[in-house]
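Colleague: Mind looking over this structure? Questions follow.
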Amino acid sequence: MSEYQYYEFQAIDRPLDEKAMSKLRSLTSRAEVTPTSLVNVYHFGDFRGNPDRLMDQYFDAHLYIANWGSRRLMLRLPASALPLSSVKPYCLPDALTVRASGENVILDLHSNIEDGWEYTEGEGWLTSLIPLRASLLAGDLRCLYLGWLAALDNSHLDNDGEKLSEPPVPPGLKKLSAPLRRFAEFVRLDLDLVQIAAKTSGESALQEPSTEQVAAWIERLPGPEKNSMLMRLLHGEGMFVSAELQRRFVEDEARKRLQRNAKEVQAPPRRTAAELLAARDRLTAEKERRTEARAVKQEARRLQEKAAERARHLDALAGREEELWQQIESAVGAKLPKDYMRAVDLVRDLRDLAERSGSREALAQRIRELRRRHGAKRKFIQLLNQAGFPG
């Protein structure tokens, strides 16, 4: 397989200006650069740009996929909405990290698995994962916890697993949204581990805001800010103004919710990494045992149905033994492979009928006579031998 590297960057809150786009094009002539994105695919060579610097200066989201097993997702968010202190409990070295960048924080999630994974190309991934950014802005930290779980599952903790405690378990893990399920797939997270982790996760408190809530929030915005946003709308920045307003709204709502719930929410007991992984292994083993048990029952039922069908077939043939011998002679006389096989099937029917009536010796004698009469038909004799009717 040839080399494959996929780079994609997205600007969400504000478009790139001409100066920024010119700077990005100077990094690589092969990239597709638009006011909202940079996309490049490499089958040889490497990208000259530094993803960390590009995220600092231009973009809100970045995705990277390589065909040797490396995957990376970066998200830039305002620190006012997602402070470093709320992210750090979920961080693990070389897997999930966070850093400050001016007034923003940048999440950096890595998934590196060399064996046991299916190769996938990068197109379409970032589009399906970008909604995670809005969820984080709204105070939904589930993707951080899932990123921590994935890092836990794909690392070699050895004895450290006995000491490493899980971070705060966010609500809503029992029912993942489509972007969260896509994220779990991206970081190659074992869903059995998610099922175990979700046992201490409460119901999600995140809800869609009402029209009245949004209207009241807009009413509180300062007049000069509203005028500035209307000017930007007239200059063609509608999509970005909308994104900024949504971001600011969810930031304010998240702050109010955190303040309101701080004293009401009781944190579930923390489990160690080793406890989570051991519970996952027990769950996986139990699922495998149940699957095997179902397979055994299904096979037993299949054999029972096959035996019943065979019994009905033999009931219909009982008393017609001489007619079957005539059919065998006719089929063998045709000297065609398919007729030879038909003759052997009829001999098998006669054998089972003889087992029922206790006339096995008489049947054996008839088969020996059949072999003598048609000994020159080597293909037929070979089929008889293979079916268990030797001379």
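The values are calculated or read from the model by the stated rules, or taken from the named source; none is laboratory data. Being a predicted model, the structure only gives us computed values, none of them experimental. Glycine also receives a Cβ, built like all others from the backbone with ideal geometry; neighbour counts cover every protein chain displayed.
Colleague: Filter the stretch 33-49 for residues that are outside any loop (DSSP other than H, G, I, E, B) and either at pLDDT below 90 or not aliphatic (A, V, I, L, M) (or both); which is farthest from Tyr7 (Cα to Cα)?
Modeller: Ranking the candidates gives Thr34 first.
Colleague: Also: Can you tell me which of Arg294, Arg368, Arg290, Arg301 is farther than 30 Å from Ser165 by Cα and more than 40 Å from the chain's Cα centre (by Cα)?
Modeller: Arg368
Colleague: With the structure loaded, tell me whether Leu149 is closer than 24 Å to Gln195 by Cβ, part of a helix (DSSP H, G or I) and in contact (Cβ under 8 Å) with a residue 60 or more places away in the chain or whether it fails that test.
Modeller: It is true that Leu149 is closer than 24 Å to Gln195 by Cβ, part of a helix (DSSP H, G or I) and in contact (Cβ under 8 Å) with a residue 60 or more places away in the chain.
Colleague: Determine whether Glu162 is surrounded by fewer than 21 Cβ atoms within 10 Å (Cβ to Cβ) and within 19 Å of the chain's Cα centre (by Cα).
Modeller: No, not satisfied.
Colleague: Starting from the stretch 358-385, keep only residues that are loosely packed, with under 11 Cβ neighbours inside 10 Å, then list their pairs with residues that are assigned to a loop (DSSP other than H, G, I, E, B) whose Cβ atoms are within a distance under 9 Å, requiring at least 6 positions of separation or different chains.
Modeller: Filtered contacts from the stretch 358-385: Arg372/Gly391.
Colleague: How many residues, within the stretch 2-23, are of a type in the set (Asp, Glu) and assigned to a strand (DSSP E or B)?
Modeller: Let us first name the residues in the stretch 2-23 that are of a type in the set (Asp, Glu), namely 3, 8, 13, 17-18.
Cutting the leftovers down to assigned to a strand (DSSP E or B) gives us 8.
Residues flagged as of a type in the set (Asp, Glu) and assigned to a strand (DSSP E or B) within the stretch 2-23 amount to 1.
Yes or no, residue by residue, for (1) more than 23 Å from Tyr6 (Cβ to Cβ); (2) assigned by TED's automatic domain parsing to the domain that holds Pro171; (3) in contact with a strand residue (DSSP E or B) (Cβ under 9 Å, 6 or more places away or on another chain); (4) at pLDDT below 90:
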site: Ile65; (1), (2), (3), (4): no, yes, yes, no
site: Leu84; (1), (2), (3), (4): yes, yes, yes, no
site: Arg99; (1), (2), (3), (4): yes, yes, yes, no
site: Asn104; (1), (2), (3), (4): yes, yes, yes, no
site: Asp108; (1), (2), (3), (4): no, yes, yes, no
site: Gly116; (1), (2), (3), (4): no, yes, no, yes
site: Ser135; (1), (2), (3), (4): yes, yes, no, yes
site: Asp140; (1), (2), (3), (4): yes, yes, no, yes
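Colleague: Out of the stretch 304-327, which residues are assigned to a helix (DSSP H, G or I) and closer than 13 Å to Leu353 by Cβ?
Modeller: If the condition is that a residue be assigned to a helix (DSSP H, G or I) and closer than 13 Å to Leu353 by Cβ, then Arg310, Ala311, His313, Leu314, Asp315, Ala316, Leu317, Glu321, Glu322, Glu323, Leu324, Trp325 are the ones that fit.
Colleague: Got a sec? Which of Ala300, Ala295, Ala308 is loosely packed, with under 11 Cβ neighbours inside 10 Å, hydrophobic (A, V, I, L, M, F, W, C) and closer than 30 Å to Ala364 by Cα?
Modeller: Numbers: Ala300 fails: closer than 30 Å to Ala364 by Cα; Ala295 fails: closer than 30 Å to Ala364 by Cα.
Among Ala300, Ala295, Ala308, only Ala308 is loosely packed, with under 11 Cβ neighbours inside 10 Å, hydrophobic (A, V, I, L, M, F, W, C) and closer than 30 Å to Ala364 by Cα.
Colleague: Inspect the stretch 230-248 for any residue being at pLDDT below 80 and hydroxyl-bearing (Ser, Thr, Tyr) and give the result as yes or no.
Modeller: For the stretch 230-248, residues at pLDDT below 80 and hydroxyl-bearing (Ser, Thr, Tyr): present.
Colleague: Moving on. May I ask you to list pairs of residues, at least six apart or on different chains, whose Cβ atoms are under 7 Å apart, with the first in the stretch 220-234 being outside any loop (DSSP other than H, G, I, E, B) and the second being β-branched (Val, Ile, Thr)?
Modeller: Correct list of pairs: Met229/Val241; Arg232/Val241; Leu233/Val241.
Colleague: Additional query: If I ask for residues that are under 18 Å from Tyr58 (Cα atoms), in contact (Cβ under 8 Å) with a residue 40 or more places away in the chain and part of a helix (DSSP H, G or I), which ones from the stretch 96-133 would you list?
Modeller: Leu126, Arg133 - these are the residues of the stretch 96-133 that are under 18 Å from Tyr58 (Cα atoms), in contact (Cβ under 8 Å) with a residue 40 or more places away in the chain and part of a helix (DSSP H, G or I).
Colleague: Now, a different point. Might you let me know whether the stretch 185-194 holds any residue that is modelled with pLDDT of 80 or more, part of a loop (DSSP other than H, G, I, E, B) and not aliphatic (A, V, I, L, M)?
Modeller: Yes: one or more hits.
Colleague: Select from the stretch 312-365 the residues that are over 21 Å from Leu383 (Cα atoms) and of a type in the set (Ser, Thr, Tyr) and write down the one among them that is nearest to the chain's Cα centre (by Cα).
Modeller: The selected residue is Ser357.
Colleague: Give me a count of the residues in the stretch 1-57 that are among the acidic types (Asp, Glu), more than 23 Å from Ser128 (Cα to Cα) and in contact with a strand residue (DSSP E or B) (Cβ under 9 Å, 6 or more places away or on another chain). So that I can check it myself, show each step before the final result.
Modeller: Going through the stretch 1-57, the residues among the acidic types (Asp, Glu) turn out to be 3, 8, 13, 17-18, 32, 46, 52, 56.
Checking which are more than 23 Å from Ser128 (Cα to Cα) leaves us with 3, 17-18, 46.
With the extra rule that they be in contact with a strand residue (DSSP E or B) (Cβ under 9 Å, 6 or more places away or on another chain), the set shrinks to 3, 46.
Total satisfying the criteria: 2.
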